[in-house]
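Enquirer: Sharing a structure here in structure tokens format.
The values are calculated or read from the model by the stated rules, or taken from the named source; none is laboratory data. Quick caveat: nothing in here was measured; it's all calculated off a predicted structure. Don't worry about glycine lacking a Cβ; one is built from the backbone with ideal geometry, like all the others, and counts go over all protein chains shown. The protein model used for the area step is the full one, side chains on, heavy atoms only, and it has no ligands, DNA or RNA in it. Shrake-Rupley method; radii C 1.70, N 1.55, O 1.52, S 1.80 Å.
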Amino acid sequence: MSTGAGTYGGDGRRRWRREEVAREAGVKVRNLRYYQERGLLPPPRREGRIGWYSDDHLTRLRLISDLLGRGYTVNGIGELLAAWEQGGGLSQLLGLEREMTRDWVREEPVTMTRAELRELFGPGATAEHTRRAAELGYVRVDGDRVTYPSRQLLEATVALVRQGMPPAEILDAGEFVQDQAAALADRFVGLFRRHVIGPEGLGRLSATQLDHVREAVAALRPVAGEVVATEFARAMGRRVEAEVAELLRTEQ
């Protein structure tokens with residue numbers, strides 16, 4: 001079963017081909033073989049001529065990229081991974097990475113042809129709007145087929161267009177929301193890093209401390225979204241009330 005990000009094997013676990021896992025991890029394909037040769041990355045599980053990479057491979061690739069970004073050499077990363085494996089901490093660390101990154105986004109993709117897209121949005125939508133939507137990450141275009149990663153955002157956009165809002169202005173608003181959401185995410189992550197993980201970082205935490213971080217992630221994951229949704233609803237209530245009051249005054 002295809003999900004747009006890997007497939008699921010007969011054991012129900014997600015898996016990727018070489019090009020897919022490289023793209024998902026943000027690394028070059030040639031780096032996979034290099035990391036395997038240096039002992040940083042286990043080889044994929046082979047089924048015939050296909051090598052399948054698992055969630056564990058993806059998590060380790062992200063960890064390697066993170067350590068490289070912090071200035072570690074390949075040899076230094078190999079020594080660090082070996083030390084963590086010997087101490088039994090690597091599996092906990094990788095498990096924590098999966099816990100920290102999973103379930104933030106649950107989206108149902110929708111794929112359609114360009115003709116179906118034009119029919120859905122009407123004559124006001126143009127190829128330029130589709131191009132910009134792709135730049136913002138709202139759609140993926142593959143030849144004649146267009147995929148919306150999020151059915152919820154697609155339905156919201158269609159509703160706005162049908163109320164007479166121009167697609168270009170909807171995209172402007174979407175870009176603004178993305179910027180504000182990124183700023184909010186930075187604020188929440190900064191708080192979590194300072195007050196839950198601490199200045200030492202994950203690599204120096206004990207098994208008990210890693211468990212504490214994992215529990216904190218599970219507890220705080222729903223809270224972040226609830227805070228933002230509640231504050232936005234309150235702000236909209238105040239703003240709409242003020243707008244209605246202004247409209248009533250101008251009618252008098």
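Enquirer: Can you tell me which residues in segment 140-153 are open to solvent by less than 50 Å² (accessible area, probe 1.4 Å) and in a loop (DSSP other than H, G, I, E, B)?
Expert: Residues of segment 140-153 that are open to solvent by less than 50 Å² (accessible area, probe 1.4 Å), as a first pass: 146-150.
Within segment 140-153, Pro149, Ser150 meet the criteria.
Enquirer: Follow-up question, since we're still on this one. When you look at Phe176, is it over 30 Å from Gly76 (Cβ atoms), open to solvent by 40 Å² or more (accessible area, probe 1.4 Å), out of contact with any Leu (no Cβ under 9 Å at 6 or more places or on another chain) and in a helix (DSSP H, G or I), yes or no? So that I can check it myself, show each step before the final result.
Expert: Working: over 30 Å from Gly76 (Cβ atoms): yes; open to solvent by 40 Å² or more (accessible area, probe 1.4 Å): yes; out of contact with any Leu (no Cβ under 9 Å at 6 or more places or on another chain): yes; in a helix (DSSP H, G or I): yes.
Yes; evaluated as a whole, the condition is true for this residue.
Enquirer: Can you find, within segment 90-114, the residue that is farthest from Leu220 (Cα to Cα) among those that are modelled with pLDDT under 90, among the hydrophobic types (A, V, I, L, M, F, W, C) and open to solvent by less than 60 Å² (accessible area, probe 1.4 Å)?
Expert: Here the answer is Leu90.
Enquirer: Checking the conditions here, which among Thr147, Thr157 is closer than 13 Å to His129 by Cα and of a type in the set (Val, Ile, Thr)? Walk me through it before giving the result.
Expert: Details: Thr147 fails: closer than 13 Å to His129 by Cα.
Selected residue: Thr157, the only one of Thr147, Thr157 that is closer than 13 Å to His129 by Cα and of a type in the set (Val, Ile, Thr).
Enquirer: Can you name the number of the only condition in (1) assigned to a loop (DSSP other than H, G, I, E, B); (2) modelled with pLDDT under 85; (3) closer than 30 Å to Leu32 by Cβ that Gly137 fails?
Expert: (2)
Enquirer: Would you point out which residue out of Leu191, Leu160 is part of a helix (DSSP H, G or I), over 24 Å from Val227 (Cα atoms) and either at pLDDT 95 or above or not charged (D, E, K, R) (or both)? Full working, then the answer.
Expert: Working: Leu191 fails: over 24 Å from Val227 (Cα atoms).
Criteria check complete, one pass: Leu160.
Enquirer: Out of (1) open to solvent by 50 Å² or more (accessible area, probe 1.4 Å); (2) at pLDDT 90 or above, the odd one out for Arg118 is which?
Expert: Evaluating Arg118 over (1) open to solvent by 50 Å² or more (accessible area, probe 1.4 Å); (2) at pLDDT 90 or above leaves (2) as the failure.
Enquirer: Answer yes or no as to whether Ala156 is surrounded by fewer than 12 Cβ atoms within 10 Å (Cβ to Cβ) and without any contact (Cβ under 8 Å) to a residue 24 or more places away in the chain. I'd like the intermediate steps shown before the answer.
Expert: On the way: surrounded by fewer than 12 Cβ atoms within 10 Å (Cβ to Cβ): no; without any contact (Cβ under 8 Å) to a residue 24 or more places away in the chain: yes.
No.
Enquirer: Kindly establish whether Val21 is part of a loop (DSSP other than H, G, I, E, B) and crowded, with 17+ Cβ neighbours inside 10 Å.
Expert: Working: part of a loop (DSSP other than H, G, I, E, B): no; crowded, with 17+ Cβ neighbours inside 10 Å: yes.
No, not satisfied.
Enquirer: Is segment 221-231 home to any residue that is open to solvent by 50 Å² or more (accessible area, probe 1.4 Å) and basic (Lys, Arg)? Walk me through it before giving the result.
Expert: Of all residues in segment 221-231, those open to solvent by 50 Å² or more (accessible area, probe 1.4 Å) come to 222-223, 226-231.
If we keep only those that are basic (Lys, Arg) too, we end up with none.
No, the conditions are met nowhere in segment 221-231.
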